[in-house]
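Here the structure is laid out as structure tokens; the discussion comes afterwards.
The values are calculated or read from the model by the stated rules, or taken from the named source; none is laboratory data. Given the structure is predicted, the values throughout are model-derived calculations rather than measurements. Here Cβ is always computed from backbone atoms with ideal geometry, including for glycine, and neighbour counts include all displayed protein chains.
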Amino acid sequence: MEITMKKIAKILFSLLGISVLLVTACTEDPVIRETSPAENQYQVYFPPTNNTDVTVSTDATSYTYIIKRNNKSGAITVPLTSESEAPFVCPTSVAFADGVETANITVTFPALSTTPKRVKITIDPQYAGLYSPGHNMFSGTIKAINWVSLGNGQFYDAWVMYSVLTVEVKKAEGMDRYRIMNPYPQSILEEAEWGDWIGGPKSEFIEFWINANKTISWDKFWYPGLLYQGNASYVIKGYLPSALAASQAANDAKSKVVTTKIFTLCPYYYIDGVGGFGVQTTTLSLPGGPDLNEYLGL
């Protein structure tokens, strides 16, 4: 049978392909599967729920992060390494009590500026969880609130004062958080004829924030600078109702944004261990807002 040059070329090409496959199959490195590192017995980690960028009040001196472990058996002390920026002071270890999953790491500092500074804390590798649902190192920032003056507005406390007071109003930069500065000056309390009730602690400002539903909250209570019957032990406080008692939580909704320029804050005035005067209304007109004398019909 006659073999043409074309057939010879096809045969040679096929043989070459087979030889290449054989060489490839013979020289291919075998797949080596390395055993994963074993998890350590402590399994400590930073959960992802920690805030990475924190803004604190200008008078804050500390902030606390959460650290967890998967194995809750035994009491342990875990070494920590900090590469945080000044002025942060971080603990060199954290202790877990027997049977407890969570511990706190509190970072301390003097008064902060509005420029973010970095906190960076690493768990000792001998204790860090390799396959935990978090991280063996935390990195985040902390800065202070930058308070910007909006100018002068008006404040009226229907229970404490007789007159509408002109007050400076400040707003936290980038936040729906406000301060009413010097809301209870001595002169306004004397005008209201509180007499020997005037005294005790007095808040330099009332700080509050606006919630997503347009209600208003503040941190527990403020001081109007009055003592019940002049007794130094009977300090009057303006409580956020829910901070006073769970049964008063429904009254929190009375503190709200009425308009873009009118806010109401409705504290429950109370003397710890004695009793109270119930929920009262205070009204703030922001700079550029209506005159409260006319708005409230005083």
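If you go through segment 175-200, how many residues are free of Cβ contacts under 8 Å to residues at least 24 places away in the same chain and either surrounded by 18 or more Cβ atoms within 10 Å (Cβ to Cβ) or within 28 Å of the chain's Cα centre (by Cα) (or both)?
1
Could you check Ser217 against (1) small (Gly, Ala, Ser); (2) without any contact (Cβ under 8 Å) to a residue 60 or more places away in the chain; (3) surrounded by fewer than 17 Cβ atoms within 10 Å (Cβ to Cβ); (4) not in a strand (DSSP E or B) and say which number it fails?
(4)
Collect the residues in segment 100-127 that are outside any strand (DSSP E or B), hydroxyl-bearing (Ser, Thr, Tyr) and over 20 Å from Ala75 (Cα atoms), keeping them in residue-number order. Even if it seems obvious, please write down each step before you answer.
Initial filter on segment 100-127 (outside any strand (DSSP E or B)): 100-101, 109-116, 124-127.
Adding the requirement that they be hydroxyl-bearing (Ser, Thr, Tyr) leaves 113-115, 127.
Listed by number, the residues that qualify are Ser113, Thr114, Thr115.
Out of the residues in segment 273-296 meeting the condition of being at pLDDT 95 or above, part of a loop (DSSP other than H, G, I, E, B) and surrounded by fewer than 14 Cβ atoms within 10 Å (Cβ to Cβ), tell me which one is farthest from the chain's Cα centre (by Cα). Give the steps one after another, and end with the answer.
First, the residues of segment 273-296 that are at pLDDT 95 or above: 279-296.
Adding the requirement that they be part of a loop (DSSP other than H, G, I, E, B) leaves 280-281, 286-291, 296.
Restricting the remaining residues to those that are surrounded by fewer than 14 Cβ atoms within 10 Å (Cβ to Cβ) gives 288, 291.
Values: Gly288: 31, Asp291: 35 Å.
Filtering first and then ranking leaves Asp291.
Out of all the residues in segment 151-164, which are touching a strand residue (DSSP E or B) at 6+ places or on another chain (Cβ under 8 Å) and either buried (at least 18 other Cβ atoms within 10 Å of the Cβ) or in the same structural domain as Thr108 (by TED's automatic domain parsing) (or both)?
Gly153, Gln154, Phe155, Tyr156, Asp157, Val160, Val164 - these are the residues of segment 151-164 that are touching a strand residue (DSSP E or B) at 6+ places or on another chain (Cβ under 8 Å) and either buried (at least 18 other Cβ atoms within 10 Å of the Cβ) or in the same structural domain as Thr108 (by TED's automatic domain parsing) (or both).
Kindly provide the set of residues from segment 64-93 that are in a strand (DSSP E or B), of a type in the set (Ser, Thr, Tyr) and without any contact (Cβ under 8 Å) to a residue 24 or more places away in the chain, ordered by number. Give the steps one after another, and end with the answer.
First, the residues of segment 64-93 that are in a strand (DSSP E or B): 64-69, 76-82, 89, 93.
Those still in the list that are of a type in the set (Ser, Thr, Tyr) too: 64-65, 77, 81-82, 93.
Scanning segment 64-93 gives Thr77, Ser93.
Sort through Ser62, Ser57 and tell me the only one that's surrounded by 10 or more Cβ atoms within 10 Å (Cβ to Cβ) and modelled with pLDDT under 95. Walk me through how you get there before you give the answer.
Working: Ser62 fails: modelled with pLDDT under 95.
When all the criteria are applied, what remains is Ser57.
For segment 201-209, does any single residue satisfy the condition of being more than 26 Å from Asn293 (Cβ to Cβ) and either in the same structural domain as Pro290 (by TED's automatic domain parsing) or in contact (Cβ under 8 Å) with a residue 60 or more places away in the chain (or both)? Let's see the steps before the verdict.
Initial filter on segment 201-209 (more than 26 Å from Asn293 (Cβ to Cβ)): 201, 209.
Of the ones still in play, those that are also either in the same structural domain as Pro290 (by TED's automatic domain parsing) or in contact (Cβ under 8 Å) with a residue 60 or more places away in the chain (or both) are 201, 209.
Yes, the conditions are met somewhere in segment 201-209.
Scan Val148, Val167 and give me the residue that is in contact (Cβ under 8 Å) with a residue 12 or more places away in the chain, surrounded by fewer than 20 Cβ atoms within 10 Å (Cβ to Cβ) and assigned to a strand (DSSP E or B). Reasoning before the result, please.
Numbers: Val167 fails: surrounded by fewer than 20 Cβ atoms within 10 Å (Cβ to Cβ).
Matching residue, one of Val148, Val167: Val148.
Please work out which residue is farthest from Asp53 (Cα to Cα), limiting yourself to segment 85-140 and to residues that are surrounded by 16 or more Cβ atoms within 10 Å (Cβ to Cβ) and β-branched (Val, Ile, Thr).
Val94
Working carefully through the options Ala250, Ala243, find the one that is surrounded by 15 or more Cβ atoms within 10 Å (Cβ to Cβ), over 27 Å from Glu190 (Cβ atoms) and not charged (D, E, K, R).
Details: Ala250 fails: surrounded by 15 or more Cβ atoms within 10 Å (Cβ to Cβ).
The match here is Ala243.
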